[in-house]
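Step one of this worksheet: look at the structure below.
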Amino acid sequence: MGDDWDCVVVGGGVAGMSAALVLGRARRRTLVLDGGAQSNRVAEHVGGLLGNDGTPPAELYARAREELAAYDAVVVRSDEAVDARAEGDGFTVALGDGDEVRARVLILATGMDYEVPDVPGFREHWGRAVFHCPFCHGWEVRDRPLVVYGEGEHADMQAALLAGWSDDVTLVAPGELAELRTEEGALRAVVRTDGSEVPCEGILVHAPLRLRGSLPERLGLALTDHGLVSVDSFGRTSVPGVYAAGDLAVAPQQVAIALGSGHLAGVVAVRELLLDVPAEPATR
Ligand SMILES: Cc1cc2nc3c(=O)[nH]c(=O)nc-3n(C[C@H](O)[C@H](O)[C@H](O)COP(=O)(O)OP(=O)(O)OC[C@H]3O[C@@H](n4cnc5c(N)ncnc54)[C@H](O)[C@@H]3O)c2cc1C
């Protein structure tokens, strides 16, 4: 295939690959660019995705790539998009290896960076014993002694929520935590600065989200007050022809929601490509 595409999808997580599946099945020539750093890759499994509950993330992404390979119109390339700009009746996307490609529409699905609190041991347990989302990981630590790391209203709310999964939830404020105690790789306790220990097999933390890379800025996309790319209910951004799906545009940030938003962006992009207007999907 040449370097002119109907659609370039930037990001090959569930959002981007779900959009690409819709485009491929609609026979639209689609290039998926992917850095291969989906945010849940470190986790042991995907929690809460119907039909794939408990599937290891790497397995889910490999299967999704296999499904896309069945469609001639879709090409997945392991490369980064480093720049994107509107040009003529479409967009030019610059790749990390120096290539440039053209597309009539763009779908951004680059995910978000989750900022893990800078506490010794948190990175090592991230996505398993240290987690940010009870809906993703709460089931696996149900009925165990748990800690909410944080303070203030948000931490109080997280502790009240986590009580749905365990009766043993302790709030530990940042100034109080000295270190984590692990045994054979398993989290066993939080050690307080006064030397006391809180038995603990799971820690819920607040992990602020940050946009990945500069494509939204380079394309001049409007952002929400919460720092997400602003989209309407069909995944259209403030720039005609540019869609955004998944974590960078849709909250709460979870796999099923990212996947659905990618599918929707794919449907609306196909309609734009075939009907020449950014038409809203008809209700049937
Ligand atoms: C540790 C952890 C565990 C989680 N566990 C769960 C769970 O169990 N259940 C659940 O529902 N949710 C879970 N989540 C949330 C879930 O991972 C996200 O909601 C989901 O991955 C978002 O999908 P996405 O496609 O938007 O982004 P991502 O999955 O992050 O994929 C984005 C892709 O875009 C690529 N990319 C970024 N920039 C570029 C670029 N410039 N060029 C090319 N490629 C680029 C990245 O390399 C990446 O492959 C978890 C999150 C974390 C951090």
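The values are calculated or read from the model by the stated rules, or taken from the named source; none is laboratory data. Computed from a prediction, not measured in an experiment: that's the story for all the values here. When we count neighbours, we look across all protein chains shown, and the Cβ atoms used for this are built from the backbone with ideal geometry, even at glycine. Keep in mind that these areas ignore ligands, DNA and RNA; they rest on the heavy atoms of the full protein, side chains included. Shrake-Rupley method; radii C 1.70, N 1.55, O 1.52, S 1.80 Å.
Here are the numbers for the structure shown:
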| quantity | calculated |
| --- | --- |
| Rounded to the nearest 10 Å², the accessible area of E44 at probe 1.4 Å | 120 Å² |
| Helix runs (DSSP H) in the chain reaching 27 Å along axis by Cα, Kyte-Doolittle at least 1.0 | 255-275 |
| Kirkwood-based Rg to Rh ratio, the stretch 181-233, C-alpha trace | 1.32 |
| Rg/Rh for the stretch 98-160, where both radii come from Cα atoms and Rh is the Kirkwood radius | 1.19 |
| Value of relative contact order over the chain, rounded to a whole percent, pairs C-alpha under 8 Å and six or more apart | 21 percent |
| Heavy atoms of R63 accessible to a 1.4 Å probe, total area in Å² rounded to 10 | 90 Å² |
| For the stretch 65-120, the spread of Cα positions along each principal axis, largest first, Å | 48, 31, 20 |
| In nm, spacing of pseudo-spin labels at E44 and S78 (7 Å Cα→C-beta vector) | 2.7 nm |
| The stretch 84-161, relative contact order [Cα under 8 Å, separation at least 6], % | 12 percent |
| Computed over the stretch 151-284, Kirkwood Rh from alpha-carbon pairs, angstrom | 18.4 Å |
| Cα pair distances exceeding 27 angstrom across the chain, given as percent | 44 percent |
| Sequence of L31, L223 when ordered by accessible area, the most exposed leading, probe 1.4 angstrom | L223, L31 |
| The stretch 5-88 - convex hull of the alpha-carbon atoms, volume per residue in Å³ | 100 Å³ |
| Förster radius 45 Å - calculated FRET efficiency between A256 and D89, Cβ distance, rounded to 0.05 | 0.80 |
| Residue-normalised accessible area of the chain, expressed per residue, 1.4 Å probe, Å² | 49 Å² |
| Spherically averaged projected area in nm², based on the convex hull that wraps the Cα atoms of the stretch 34-138 | 9.0 nm² |
| Per residue convex hull volume, Cα atoms of the stretch 55-214, in Å³ | 171 Å³ |
| Percent carbon-and-sulfur accessible area, the chain, ignoring ligands, DNA and RNA, probe 1.4 Å | 50 percent |
